[in-house]
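Note sheet for the following structure.
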Amino acid sequence: MIRFQRQIAALSLAALALFGAGVAAAGQVNLTGAGATFPYPIYSKWFDMYHEKTGVQINYQSIGSGGGIQQVKAGTVDFGASDAALSNARLKEMPRKVLHFPTVAGAVVLSYNLPSVAQPLNLTSETIVGIYLGKITMWNDKRIAATNPGVELPNAPILPVHRSDGSGTTNIFVTYLSAVSTEWKELVGANTSVSWPVGIGGKGNEGVAGLVRQTPGAIGYVELAYAKQNKFAVAHIKNSSGNFVEPTLASTTAAAQGASAQLAKDVRTPIVNSSAPDAYPISGLTFLLVYQDQKDPVKAKALAEFIRWSMTDGQEVAEGLDYARLPAPVVKVNEATLMTLTATGKPVLAAK
Amino acid sequence: MSHVKVQHRGVSADGVYKGLLAAAAALVFVVVALIVYEVARGAELSIRTIGWKFLTQTEWDPVADKYGALPYIYGTLVSSLLALLIAVPLGVGSAVFLAEIASRRVGSIVSFVMELLAAIPSIVYGIWGFFVLAPFLRVFIEPWLIEHFGFLPLFRGFPFGIGMLNAGIILAIMIVPTIVSISREVLLATPPTFREASLALGATKAEAIGVALDAARPGILGAIILALGRALGETMAVTMVIGNTNRISLSLLDPGATMSSIIANEFTEATGKLYLSALVQIALVLFAVTIVVNAMARALVYWATGGRRDVAGAA
C-alpha cells in the first residue's frame, strides 16, 4: 500500500514536471504535421536536428498518406506529407491552394527468391508487366531468358507478391507499370492499392519480404531502403535508354535529375521511366503538402525556413538513412515555390 | 458514512446505487449506438452511390472506384467456419478431459496454460502463423493434401503456405482457449448427482460423461458463440496469413481476404472519398454479419436446448 502511494506520488511529480515543461515551451514555435510513413525515419531525424538548431518543435504523426491528406483538408495540421502527389481532382477538393514540396526520392526494387541464380537478374518493363499480369508464369520463360544470357533459370512457377496494404510503394510501382504498358494502364491502373490480377499480398515491406524469402520462385517489390538494409538480391531493370540499371541511391537521384525539366513545370510529375541513361526507372518522390496562403505568419515563417533548411543541410543526411537526395534542379524548384508562400496575403520569405 | 448523509437528504442509498448501475449498463448501449451511427454516417456516400450491389459485386478496384464486398464477406465467413470446425471438437474434447477425466491438479495447470494462450496478442499469433506455420504447411501439409485430396475442389491449387487454411488454423488456435475454459467451468458446475445417478443405473463412464455434456449443452454452445464472435472480428493475425487477394476460391489453399483485413490493409492510405466510404461500409457490413451470425447461433442454442435455461451455465 505504501509502495503504491509512493508510485502515485512519483507519477504526480512526473506529471507536474511535464506540465512545467509545457509552460516553459509556450514561447517557442510548435508545428504539427501528419502523413506518409515511408519518409518518417528521415523526417524525425530532420525534426530532431532542426529542433536542436533553432528550437522549433515539429511534431509528426506517421498515419499514412491518405490520413495526412485528410488532415490537411480539415486544417488540423500545419503541413501534410504524402508519397503520392495530389491529383487535380483531389486538389480541387481542398479549401485553398495546396503546394507540393518534394523532400527526398525513393526507389522500389524487385527482390526474388531463386536459390540457384547467383548473379543479379536483368528484367525489362515487358517482363515485369508480364509477370504481374500473369502472362509470364515460369522462370525459364523465353522472355526472361532473353535478357539473362548464361543464367540457369529454373523450370519453376513464378509467384508474384504485392503489398496488401495501401502504400506509396505500390503507387510508385504501378505508376511505373502504367507508364510502360498501356495494357496495364487500362486493365489495372495506378493507385495506392489496385486490383491485382495475380499473386498474393503481404502487409508492409516486411510482409512482402517475408513471403519472398520463404517461398522459392517468389518475386516481390519493396522499398530500396528496406532491401538495402536487409541485403536482398535485387533485379537490375532496363530503363528507357536501354541500360540495365542497379537500384542505388545515385541511380534514384538520377531519375529525378532526368525528369527535372518536367518537374520545373509541374512538381507533381511522376519521375518513373526516366530517360536519363543512368536512371533507375522505378523511382518516386515524397512530398510535403502546405497551403499556399498560411493563416499564422509566425508558424508560416518557421515552416518555410524549415523547408529551406531541409533542402540544404537536410539533404546532406538523407543518404545516411538510405533515402536518395534531390538533384540540384529540384532543390531550385522547391526554393522558387517557397517564395510564393504567403501568410494572410503577405510573402513569408524575403527575396534573397 | 456518505450513505448516512444521503439518507438524511431523503434519498435512499439503494436508489442511488441502482441508478449508478443502470447508468453503467446504459452506457454500453449508448456506445454501441454511437458507433453504429458514426459508421452509418461514414458509409452514407458509398451506400447511396453503390447500393445493394455492394454486397454482391466481387470487384474491388480503387483505381476505377468500383467496390464490392462479396469476396470479403465470403472470406470472413469461411475462415471463421473453418476455425470452428477445427476448434470445437478440440476445445470441447479438452474441456471434457479436464473436467471429467483429469485430476483436479492437472486440470487446473492445463487451464492456467490455456488462459495464457488467450492472453497472447493477436499480432504474435500472426507472426507465428507467418514464419512458423506457413513454411510448415507449404512444405509438409499442403503438398500432401494436394496429392491425396486434390480431387476435391477444396484442396486444389498451389501450396503457398499462407491462405484460407492457415488463417483458419490460426483462428482456431486463438479461439480454443475460450471454448475450453468456459466449457470446463460449465461442466464442473453441472451437479455431480447427474453422473452418480447414471453410474448407479449401470452406465459406463463414457455414458455418464454424455449425460453431463447434455446438461452442459447450453453453456458449451454459448462458449462456441463467444469464440465465433472473436473469429469473425479478428484482424491482425488473419491479415498476416490469409494472403490478401480479393478473389473467391473454393480451395482452402488459395489466398483470400476478410472484411477486417481489407479495412486494416487499406484504410490508412485510402485516397478517395468513395474509397474511404466503401471501407467504412465494410465495417457496417461486418457489424451486420456479426449480428446475423450471432442471432442464428442463439436461435440454434434455443432450438438445441428446447428453450431450457434451468441448467448450470445457461447464462
Using a Gaussian network model on chain B with a 10 Å cutoff between Cα atoms, which of B:E142, B:E100, B:E38 fluctuates the most? B:E38
Cut-off 13 Å, label 7 Å out along Cα→Cβ of B:A40, residues of the stretch B:286-300 by amide N: B:288
Which order, highest average first, do A:88-97, B:24-33, A:133-142 follow once you tally other Cβ atoms within 10 Å for each residue and take the mean per peptide? A:133-142, A:88-97, B:24-33
In peptide A:208-214, how many Cβ atoms from other protein chains are near each Cβ within 10 Å, on average? 3
For the stretch B:148-159, in residue order, the Karplus 3J(HN,Hα) values (coefficients 6.51, -1.76, 1.60; θ = phi - 60°; whole Hz; Gly and Pro = x) are 9, 10, x, 6, 7, x, 5, 10, 9, x, 10, x
Please build a GNM for chain B, connecting alpha carbons under 10 Å apart, and tell me which residue among B:G222, B:G15, B:G161 fluctuates the most. B:G15
I'd like to compare B:270-279, A:231-240: which one has the highest average count of other Cβ atoms within 10 Å, and what's the full order after that? B:270-279, A:231-240
Each residue of the stretch B:293-305 in order: what ³J(HN,Hα) in whole Hz does its phi give by Karplus 6.51 cos²θ - 1.76 cosθ + 1.60, θ = phi - 60°, with x for Gly and Pro? 5, 5, 5, 5, 5, 5, 4, 5, 4, 4, 5, 5, 10
Mind checking the dipole of the protein assembly as shown: about its Cα centre, +1 per Lys or Arg Cβ, -1 per Asp or Glu Cβ, Debye to the nearest 20? 1260 debye
Charges on Cβ only, +1 for Lys and Arg, -1 for Asp and Glu, centred on the Cα centroid of chain A; of A:T286, A:Y323, A:P154, which one is farthest towards the dipole's positive end? A:T286
Return the long-range amide H neighbours of A:V104 (sequence gap of 5 or more, or a different chain), with a cut-off of under 5 Å between placed amide H atoms. A:T286
Assign unit charges at the C-beta atoms only (+1 for Lys and Arg, -1 for Asp and Glu), then state the dipole size of the stretch A:44-149 relative to its Cα centre in Debye, rounded to the nearest 20. 320 debye
Check B:W60: other-chain or 5+ apart residues with amide H under 5 Å from its amide H, H built from backbone geometry? B:G68
Yeah, the stretch B:53-313 with a ≥ b ≥ c from its alpha-carbon gyration tensor (a/c under 1.5 is rounded, else prolate when a/b outruns b/c, oblate otherwise) is prolate
Sequence-distant residues sharing a close amide H with A:Y291 (under 5 Å, placed H): A:L99
From phi via Karplus (6.51, -1.76, 1.60), per-residue ³J(HN,Hα) for the stretch B:24-35 in Hz, x at Gly/Pro: 4, 5, 5, 4, 4, 5, 4, 4, 4, 4, 5, 4
When a/c reaches 1.5 or more, the comparison of a/b and b/c decides; with that in mind, is chain A rounded, prolate or oblate per its Cα gyration tensor? prolate
For the pair B:A299 and A:A74, what calculated FRET efficiency results from E = 1/(1 + (r/R0)^6), where r is the Cβ-Cβ distance and R0 = 41 Å, to the nearest 0.05? 0.40
Report for chain A the percent antiparallel among DSSP-assigned beta bridges with both residues inside it, nearest 5. 55 percent
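Readers should treat all values here as calculations from the given coordinates under stated rules, not as data from a laboratory. Here the structure is a predicted model, which means the values were calculated and not measured. So basically every Cβ, Gly included, is an ideal-geometry build from the backbone, and we count neighbours across all protein chains shown.
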